[in-house]
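Every read-out reported here was derived from the displayed coordinates using simple, explicitly stated rules and does not represent laboratory data. On a predicted model such as this, the values are computed, not experimentally measured, just so you know. As a convention, Cβ positions derive from the backbone with ideal geometry for all residues, glycine included, and neighbour counts pool all protein chains shown.
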Amino acid sequence: MGGFTYIDLFAGIGGFHQAADRLGGRCVFASEIDPEAKRAYEANYGIAPHGDIREIDARDIPDHDALFAGFPCQPFSIIGSGRGFGDARGTLFFEIARILEAKRPPMFVLENVKRLSGHDGGRTLGRILDTLEGIGYRTEWKILNALDFGLPQKRERTIIVGFLGGGEGFSFPHGSGPGRLEDVLEPDDGVDARFFASERIARSRAERHSSPYSPGIWHENKSGNVSSYPYSCALRAGASYNYLLVDGKRRLTPREMLRLQGFPDSFEIVCGDSQTRRQAGNAVPVNVIEAVLREALSASPAIGHTEDLSRIA
Ligand SMILES: C[S@@+](CC[C@H](N)C(=O)[O-])C[C@H]1O[C@@H](n2cnc3c(N)ncnc32)[C@H](O)[C@@H]1O
């Protein structure tokens with residue numbers, strides 16, 4: 001697969017970056033508003049992300065082959081309130097549309113939560129697709145689950161892929177099944193005491209649930225029901241502290257959370273526990289994006305010829 005250039009919007013800690021670099025990509029621009037995520041991004045990729053995307057003039061963004069963005073999900077209701085491009089104004093999705101319209105890269109991949117696809121009876125996603133198609137992109141979307149892509153995490157996400165010319169041969173990958181929790185978890189005796197739940201919490205869980213899985217991740221829902229699986233439920237940036245417990249006893253470590261999202265151990269943790277936990281919960285599963293990108297790049301003959309990246313280490 002030839003080299004290609006990309007921009008990483010709403011970059012977080014670089015789930016897209018990890019995936020793209022595995023396939024010969026070179027990041028030419030990143031934007032992220034959160035200072036701690038920016039710090040983690042720069043420490044790991046040597047690129048200092050620009051800040052608030054709303055303040056960035058598209059003319060200051062270098063040309064690129066692909067735009068990537070896992071945009072925040074808050075403004076759905078605004079997108080859903082009208083029709084087409086004009087009504088997307090004022091939302092963070094509009095920032096993506098604005099940059100696509102100005103820069104016209106041959107391909108994009110966007111990611112959002114599963115419920116984007118069902119919001120307002122499908123009209124919100126419909127308007128997003130109308131907007132993208134109005135700019136000239138042929139678009140495809142699908143809900144993909146990290147569990148199908150070698151990760152032991154049930155994380156379903158709406159993925160939208162767009163092509164400006166080409167892309168006819170694109171189809172979404174199917175994946176090859178889940179990964180094993182054993183490959184993600186650190187041995188209990190190497191895990192710091194601060195990750196273990198109090199005896200009271202562990203006892204209260206054990207009174208309500210006995211797990212057929214070992215190891216297993218215990219999940220407590222909002223009504224206090226406890227269930228367990230041989231995989232993790234979706235990591236969430238703002239979830240309560242004991243929402244997921246390994247074998248009903250301890251919280252996941254930041255490294256385990258990053259592994260659940262497909263980040264390699266070479267990813268350096270430079271922020272504290274709670275920031276890294278939030279960043280991992282916000283990230284896109286690397287394996288899912290890598291599989292999608294592989295297909296998208298093969299369906300984009302125009303990409304990879306803008307410069308010869310084989311010389312770049
Ligand atoms: C769902 S997360 C994306 C995470 C990323 N895909 C990853 O793998 O880590 C959305 C990110 O958008 C950032 N963000 C929100 N508003 C922004 C803005 N106006 N400009 C730039 N980044 C913004 C948030 O700080 C957050 O890190």
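Numbers for the structure displayed
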quantity: Cβ-based charge dipole, region 187-252, positive-most Cα from S223, A197, P212; calculated: S223
quantity: Helix-derived mean residue ellipticity, 222 nm - over the chain, DSSP H n ≥ 4, -39500 (n - 2.57), to 500; calculated: -8500 deg cm²/dmol
quantity: Alpha-carbon centroids, region 1-74 and region 146-204: separation in whole Å; calculated: 22 Å
quantity: Estimated distance in nm for a label pair at A237 and I201, the labels positioned 7 Å out from Cα along Cα-to-Cβ; calculated: 2.2 nm
quantity: Anchor K154: lysines whose Cα lies under 25 Å away (excluding residues fewer than 8 positions away in-chain); calculated: K114, K142, K222, K249
quantity: The chain: angle of helix 273-282 to the longest principal axis, Cα-based, in degrees nearest 10; calculated: 50 degrees
quantity: C-alpha long axis of helix 35-45 to longest principal axis of the chain, angle in °; calculated: 80 degrees
quantity: Contact order normalised by residue count of region 187-252, Cα under 8 Å, 6+ apart, percent; calculated: 36 percent
quantity: Karplus (6.51, -1.76, 1.60) ³J(HN,Hα), θ = phi - 60°, over region 153-168, in Hz, Gly and Pro reported as x; calculated: 9, 7, 9, 9, 9, 7, 10, 10, 10, x, 10, 9, x, x, x, 4
quantity: Positive-end extreme of charge dipole, the chain - chosen from L100, I128, A296 (charges on Cβ); calculated: I128
quantity: Approximate spin-label separation I143-D57, in nm, with each point projected 7 Å along Cα-to-Cβ; calculated: 4.3 nm
quantity: Among 6-13, 277-284, 41-48, the order from most to least packed when residues are scored by Cβ within 10 Å on average; calculated: 6-13, 277-284, 41-48
quantity: Gaussian network model of the chain, Cα within-10 Å springs - most flexible of L252, L164, L151; calculated: L164
quantity: Among beta bridges that DSSP assigns inside the chain, antiparallel share in %, nearest 5; calculated: 55 percent
